[in-house]
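Chemist: Structure provided below as structure tokens; questions to follow.
The values are calculated or read from the model by the stated rules, or taken from the named source; none is laboratory data. Only a predicted model underlies this, so the values are computations on that prediction, with no experimental measurement involved. Note that we place each Cβ from the backbone using ideal geometry, even for glycine, and neighbour counts take in every protein chain shown.
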Amino acid sequence: MEKDLGREITEIRECYRNGNTKPIAWRRSQLQALRSFLLDYEIQIFRALNLDLGKHYVEAFRDEVGILKKSVNLALKDLKRWSASTKAKLPAIALLSYAELVPEPLGLILVISSWNFPLGLSLEPLIGAIAAGNAVVLKPSEMSPACSSLLANTLPKYLDNQAIKVIEGGPAVGQQLLQQKWDKIFFTGSAKVGRMVMSEAAKNLTPVTLELGGKCPAVLDSLSWSWDKEVAVKRIVGAKYGSCAGQACISIDYVLVEKSFSSTVVELMKAMIRTMYGDNPKESHSVARIINKHHFLRLKNLLTDQKVKDCIVYGGSTDEDSLYIEPTILVDPPLESAIMAEEIFGPLLPIITLDKIEDSIEFINSRPKPLAIYAFTKDEVLRKRMVSETSSGSVVFNDAIIQFAADTLPFGGIGESGFGKYHGKFSFDTFTHYKAVARRSFFTDFWYRFPPWNNHKLELLEDTYGFDYFGLLLVILGLKRSRKTFHVN
Amino acid sequence: MASEEEKKAVFDAESAKEVVKELRASFAAGKTKSYEWRSTQLNAMLKMMEENEPQIIAALRDDLSKPELESSIYEIAMVKSSCTVALKKMKHWMMPEKAKTSLITFPSSAEIVSEPLGVVLVISAWNYPFLLSLDPVIGAIAAGNAVVLKPSEIAPATSSLLARLAADYLDRSCIKVVEGAVPETSALLEQKWDKILYTGNGRIARIVMAAAAKHLTPVVLELGGKCPVIVDSDINLQVATRRIIAGKWGCNNGQACVSPDYIITTKNYAQKLVDSFKCELERFYGKNPLESKDLSRIVNSNHFARLSKLLDEDKVSSKIVHGGERDEANLRIAPTILLDVPQDSLIMTEEIFGPLLPIILVHKVEDSLDVINSSGTKPLAAYLFTNNKKLKEKFVATVSAGGLVVNDTTVHLAEHTLPFGGVGDSGMGAYHGKFSFDTFSHKKAVLYRGFAGDAFVRYPPYSRGKLRLLQALFNGSFLGIIRALLGWSKS
């Protein structure tokens, strides 16, 4: 098995070395093929996502297929522009006559994707890697097997098999892949595995992008207008339970709200859950399943502590057979409890109450930097403070999760939530080496560049490097003498 | 007195932890964030360079016997220029960048905000000890970070000068210099940093990145490689030779990461090239280059022994066509040229980092591209001297390196609008100019939405109708949306 892997990788590398993936025409054809796949296999994709995660097809389109179609169309539209060299500005009297930045592919890319958005998190990096002219190996998550095999069995029918491969498998295969030499590794997953990926990458000096997670807070200010309250709660509830049942790196992990506003919020949320999911959310088939027994039990255990259980104000029921957990709301579980210490990654929503909403800044800052911070407020002062006094991958005002769809915004983390970014052109950039290319003519030369050295040359060079053209002129005309004495060593 | 020495002697993990703790507190207190603080520090650094030129030049002379002119230009002037560029452009760099928004998030506005990463570590090298220490620090400061600088212990005079000057001129609560060697560096690497910028070799870089992995710390690694120079025949030979000499022996006597490492030229042209070198080398360094004051010495006896070994290898020692003289006591090796060395020799396997210049011969000049590309590693820089447009284009298209220069060597470093960094074995990440600011910044995406204009299609309960609307929305077509709303969609 290992020998095969090594051989497969060698073959892809040969293919890259032959220059097959560099031409724009190749990249375009691959992206078009990917687009066709998304079109032709839409039903099968919906089916696979439903099998693996119980995702409703609208959710699947909104969060994965729709986004991917948008991304591949953008890449096709802007491919030429992205892959063109850009001129670098040079000062009037430069040592160089011409300089440009030439984008070139890095080479062989390894994309390791996650189980919660198995199509999206596999194909979005793939789009960027292809657009940038690389050869790619994609390892989808074995925890979403229907999607993994859909990709492994179908992509080869559409894409260039010599240059793009899907390799299925679990941690053992992942380990083997990490031991090969890559030109970049793009990893989406947990911080624990992220550390391991980076450690392996360090052995070969392979650059990495790590898209991790964190506890993304939603700060809910006391809003006065009922329309605003409705929309805010709708967006929070929709984001939390509607996107893979809270199993998303940018899911709202917990809500921060002022004590005086919290009971209003809880009532509004309960009503909203009923509106969106009916009285029996399980029957609505609009709430995704928990991915597997391990995570189901992990989530269930978050609620076993009596002190935590007592804080449940809505939901809390679980069904191990169908891996279903009801949309659940808790108010003020103890901060040391596991539900507030680790990333929840499930449909449990703690509401933490504060004396004043401004305290949320300190609350957030005393915890690791999350992938996103959400703030629902109309207060300009609070807004400015949120942006300048907190740190996170991104900040979204008055909505949640939607930043994922904005391809002019870099998507990535900071600190424990990862590093590197993608989406839109940032995807192209992350798989590109911007090579500086400078040209000089033989004609212009600064004779004072060369030894033997003396004072005069020193002065001239200083003025040249300091872009002091006037000074340069004076020295040449003999009107300016060096301020310093040249020491003979 | 004894306790001070004791304090100095032991910089361990505890001490490193304390340093980071202090800097984190300073950063958390917002000290480094303001434009005023950043420009004060950069101005102080400018003053520091201006007021201490003789001392800097003397330290570089002690550590490397670096010629005064090289010190003044490549270290002092370049640092000053970096400060000046940052001071001039910082306000603009600090401004948030507006981002366009699409129909999907309509109505909304968005921007990308540059914020400092926090507390960063800069580990510098010995060959350009001032430049490679301060240039990254300038970027870190401009981006609003607190910084620890660990200069190289292989250049001890500059290391202690840097420590003293930084303490005198810069804000000690936010910018610190920690001197030391392996133990001190290891202690520093155990801590959690928000970014590490390391300049040096591949072996240590792996250790740095592995240490960074434990804390998920992003890194910039500025490494080296064998920077090739292709010399075509129909060129201005004298100018080309001079420029190669300036990039090789004129840059710390070949001990620079972007120094031309070896030359590739055609069999027919080789002799002309060698003769030109002999002529220009004598013009620059005289008949006794071992005594020339315009050449740096070899930094220490380890590297002297390493370079000697490269010359003494059997298959190579007979290929010396110029130079080869050595003075071990003074750590000097004369500019040495070797002709037609075998590609499996030691001198062609590792990065030379010294005043030895091997010449590899090919039949036609285009073959040189294959020589470079089959080496299996990507260097920090690659150079080509030619007037042949086609060759230039093929060179740019097929040779991958950190940077390429046509008809010169090393000068691209001085250009602030070009990113300076490697690819593959020559490193990852880049800096200089705005790239320095960007490398020490977190580009935070900020999306502003209001409560008006809520796309009900996003939320459950889900339906076919909502799917059609979503499809139209993602397509960005108004017509599609209207049709979907009216139930006229195609699907």
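Chemist: Could you tell me whether A:GLN176 is part of a loop (DSSP other than H, G, I, E, B), closer than 21 Å to A:LEU5 by Cα and in contact (Cβ under 8 Å) with a residue 40 or more places away in the chain?
Modeler: So A:GLN176 fails the test.
Every residue, every condition in (1) surrounded by 23 or more Cβ atoms within 10 Å (Cβ to Cβ); (2) of a type in the set (Phe, Trp, Tyr); (3) in contact with a helix residue (DSSP H, G or I) (Cβ under 9 Å, 6 or more places away or on another chain); (4) farther than 20 Å from A:GLY413 by Cα, yes or no:
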| residue | (1), (2), (3), (4) |
| --- | --- |
| A:ILE352 | no, no, yes, yes |
| A:ASP355 | no, no, yes, yes |
| A:PHE376 | yes, yes, yes, yes |
| A:VAL381 | no, no, no, yes |
| A:VAL387 | no, no, no, no |
| A:GLY393 | yes, no, yes, no |
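Chemist: Going residue by residue through the stretch A:192-213, is there one that turns out to be more than 17 Å from the chain's Cα centre (by Cα) and β-branched (Val, Ile, Thr)? Before you say what the answer is, go through the steps one by one.
Modeler: Going residue by residue through the stretch A:192-213, those that are more than 17 Å from the chain's Cα centre (by Cα) are A:196, A:199-206.
Filter once more, keeping what is β-branched (Val, Ile, Thr): A:206.
Scanning the stretch A:192-213, I find at least one residue that is more than 17 Å from the chain's Cα centre (by Cα) and β-branched (Val, Ile, Thr), so the answer is yes.
Chemist: Quick one: A:PHE186 ticks every box in (1) more than 11 Å from chain B (Cβ to nearest Cβ); (2) at pLDDT below 95 bar one, so which box is it?
Modeler: Going through the list (1) more than 11 Å from chain B (Cβ to nearest Cβ); (2) at pLDDT below 95, A:PHE186 breaks only (2).
Chemist: Here's something else I'd like to know. For A:LYS282, indicate whether it is at pLDDT below 95, out of contact with any helix residue (DSSP H, G or I) (no Cβ under 8 Å at 6 or more places or on another chain), within 22 Å of A:HIS56 (Cα to Cα) and not polar (S, T, N, Q).
Modeler: When the stated conditions are applied, A:LYS282 passes them.
Chemist: Identify all residues within the stretch B:387-423 that are of a type in the set (Val, Ile, Thr) and farther than 18 Å from B:ASP261 by Cα; write none if there are none. Quick ask: steps written out before the conclusion?
Modeler: Going through the stretch B:387-423, the residues of a type in the set (Val, Ile, Thr) turn out to be B:396, B:398-399, B:405-406, B:409-411, B:417, B:423.
Matches in the stretch B:387-423: B:VAL396, B:THR398, B:THR417.
Chemist: So A:SER360 clears everything in (1) outside any helix (DSSP H, G or I); (2) farther than 24 Å from A:GLU59 by Cα; (3) among the hydroxyl-bearing types (Ser, Thr, Tyr) except one condition, right? Which one?
Modeler: The number of the failed condition is (1).
Chemist: Take the residues of the stretch A:226-276 that are more than 27 Å from A:ILE414 (Cβ to Cβ) and in contact with a Pro (Cβ under 6 Å, 6 or more places away or on another chain): which is modelled with the highest pLDDT?
Modeler: In this case the residue turns out to be A:ILE273.
Chemist: Going by what's in this entry, would A:LEU39 be described as free of Cβ contacts under 8 Å to residues at least 60 places away in the same chain, surrounded by fewer than 18 Cβ atoms within 10 Å (Cβ to Cβ) and over 30 Å from A:GLU104 (Cβ atoms)?
Modeler: Spelling it out, A:LEU39 is indeed free of Cβ contacts under 8 Å to residues at least 60 places away in the same chain, surrounded by fewer than 18 Cβ atoms within 10 Å (Cβ to Cβ) and over 30 Å from A:GLU104 (Cβ atoms).
Chemist: Still on this structure, please answer the following. Consider the stretch A:370-400. How many of its residues are more than 9 Å from chain B (Cβ to nearest Cβ), part of a loop (DSSP other than H, G, I, E, B) and in contact (Cβ under 8 Å) with a residue 60 or more places away in the chain?
Modeler: 5
Chemist: How many of the residues making up the stretch B:218-242 are more than 8 Å from chain A (Cβ to nearest Cβ) and either touching a strand residue (DSSP E or B) at 6+ places or on another chain (Cβ under 9 Å) or among the polar types (S, T, N, Q) (or both)?
Modeler: 16
Chemist: Go through (1) under 24 Å from the mean Cα position of the chain (by Cα); (2) surrounded by 15 or more Cβ atoms within 10 Å (Cβ to Cβ); (3) without any contact (Cβ under 8 Å) to a residue 12 or more places away in the chain for A:LEU90 and report which single condition fails.
Modeler: (1)
Chemist: Hey, could you check the stretch B:384-394 for residues that are more than 9 Å from chain A (Cβ to nearest Cβ) and not basic (Lys, Arg) and say which is farthest from B:LEU221 (Cα to Cα)? Talk me through it step by step, then tell me what you get.
Modeler: Let us first name the residues in the stretch B:384-394 that are more than 9 Å from chain A (Cβ to nearest Cβ), namely B:384, B:386, B:388-391, B:393-394.
Next, only the ones that are not basic (Lys, Arg) stay: B:384, B:386, B:388, B:391, B:393.
Details: B:LEU384: 25, B:THR386: 31, B:ASN388: 34, B:LEU391: 31, B:GLU393: 29 Å.
Among those residues, the one meeting the criterion is B:ASN388.
Chemist: Moving on. Could you list all residues from the stretch A:289-338 that are of a type in the set (S, T, N, Q), farther than 15 Å from A:LEU349 by Cα and in a helix (DSSP H, G or I)?
Modeler: Selection gives A:GLN306 alone.
Chemist: For the stretch A:411-442, name all the residues that are modelled with pLDDT of 95 or more and part of a loop (DSSP other than H, G, I, E, B).
Modeler: Within the stretch A:411-442, A:GLY412, A:GLY413, A:ILE414, A:GLY420, A:LYS421, A:HIS423, A:GLY424, A:PHE431 meet the criteria.
Chemist: What pairs can you find where one residue is in the stretch A:420-435 and within 12 Å of chain B (Cβ to nearest Cβ), the other is surrounded by 23 or more Cβ atoms within 10 Å (Cβ to Cβ) and at pLDDT below 95, and their Cβ atoms are less than 7 Å apart, with a gap of 6+ or different chains?
Modeler: That search, which allows pairs on different chains as well, returns A:HIS423/A:ASP407; A:GLY424/A:ASP407.
Chemist: Could you tell me which residue of the stretch A:217-228 is surrounded by the fewest Cβ atoms within 10 Å (Cβ to Cβ), considering only residues that are within 15 Å of A:ASN398 (Cβ to Cβ) and more than 10 Å from every other protein chain (Cβ to nearest Cβ)? It would help to see each step written out before you state the result.
Modeler: Going through the stretch A:217-228, the residues within 15 Å of A:ASN398 (Cβ to Cβ) turn out to be A:217-225, A:227-228.
Then keep just the ones that are more than 10 Å from every other protein chain (Cβ to nearest Cβ); that gives A:217-222, A:224.
Numbers: A:PRO217: 23, A:ALA218: 27, A:VAL219: 25, A:LEU220: 25, A:ASP221: 22, A:SER222: 18, A:SER224: 8.
Out of the qualifying residues, it is A:SER224.
Chemist: Okay, moving on. Report whether or not A:LEU256 is under 27 Å from A:ARG367 (Cβ atoms) and under 30 Å from the mean Cα position of the chain (by Cα).
Modeler: For A:LEU256, the condition - under 27 Å from A:ARG367 (Cβ atoms) and under 30 Å from the mean Cα position of the chain (by Cα) - is met.
Chemist: In the set B:ALA167, B:ALA181, B:ALA143, B:ALA157, which member is surrounded by fewer than 20 Cβ atoms within 10 Å (Cβ to Cβ), closer than 25 Å to B:PRO116 by Cα and not polar (S, T, N, Q)?
Modeler: B:ALA167
Chemist: Turning to a different aspect of this structure: Report yes if some residue within the stretch A:196-216 is within 14 Å of chain B (Cβ to nearest Cβ), buried (at least 24 other Cβ atoms within 10 Å of the Cβ) and modelled with pLDDT under 95; otherwise report no.
Modeler: yes
Chemist: Tell me, which residue of the stretch B:55-69 that is facing chain A (nearest Cβ under 8 Å) and in a helix (DSSP H, G or I) is nearest to B:ARG297 (Cα to Cα)? Even if it seems obvious, please write down each step before you answer.
Modeler: So the first thing to find is which residues in the stretch B:55-69 are facing chain A (nearest Cβ under 8 Å), and the list is B:57, B:61, B:65, B:67-69.
From what is left, the residues that are in a helix (DSSP H, G or I) are B:57, B:61, B:68-69.
Values: B:ILE57: 15, B:ARG61: 9, B:GLU68: 13, B:LEU69: 15 Å.
Only one residue fits best here, namely B:ARG61.
Chemist: How do the pairs read when you match residues in the stretch B:18-37 that are over 17 Å from A:ASN365 (Cα atoms) and touching a residue at least 40 places away in the same chain (Cβ under 8 Å) with residues anywhere that are part of a helix (DSSP H, G or I) and among the charged types (D, E, K, R), using Cβ under 7 Å and keeping only pairs 6 or more apart or on different chains?
Modeler: Listed by first residue and then by second, the contacts come to B:TYR35/B:LYS91.
Matching residues to (1) more than 21 Å from A:PRO103 (Cα to Cα); (2) modelled with pLDDT under 95:
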{"position": "B:HIS412", "(1), (2)": "no, yes"}
{"position": "B:GLY422", "(1), (2)": "no, no"}
{"position": "B:ALA430", "(1), (2)": "no, no"}
{"position": "B:ARG458", "(1), (2)": "yes, yes"}
{"position": "B:LYS466", "(1), (2)": "yes, yes"}
{"position": "B:ALA472", "(1), (2)": "yes, yes"}
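Chemist: Can you name the condition, by its number, that B:GLY450 falls short on among (1) touching a helix residue (DSSP H, G or I) at 6+ places or on another chain (Cβ under 8 Å); (2) surrounded by fewer than 19 Cβ atoms within 10 Å (Cβ to Cβ); (3) closer than 24 Å to A:PRO410 by Cα?
Modeler: Exception for B:GLY450: condition (1).
Chemist: Give, as residue ranges, the helices (runs of 4 or more DSSP H) completely inside the stretch B:125-209 that count at least 1 residues that are under 29 Å from A:GLY393 (Cα atoms).
Modeler: Because the criterion is at least 1 residues that are under 29 Å from A:GLY393 (Cα atoms), the helices (runs of 4 or more DSSP H) in the stretch B:125-209 that meet it are B:131-142, B:182-189.
Chemist: Just one of (1) within 24 Å of A:GLY346 (Cβ to Cβ); (2) in the same structural domain as A:ILE112 (by TED's automatic domain parsing) trips up A:LEU220, so point out which.
Modeler: (2)
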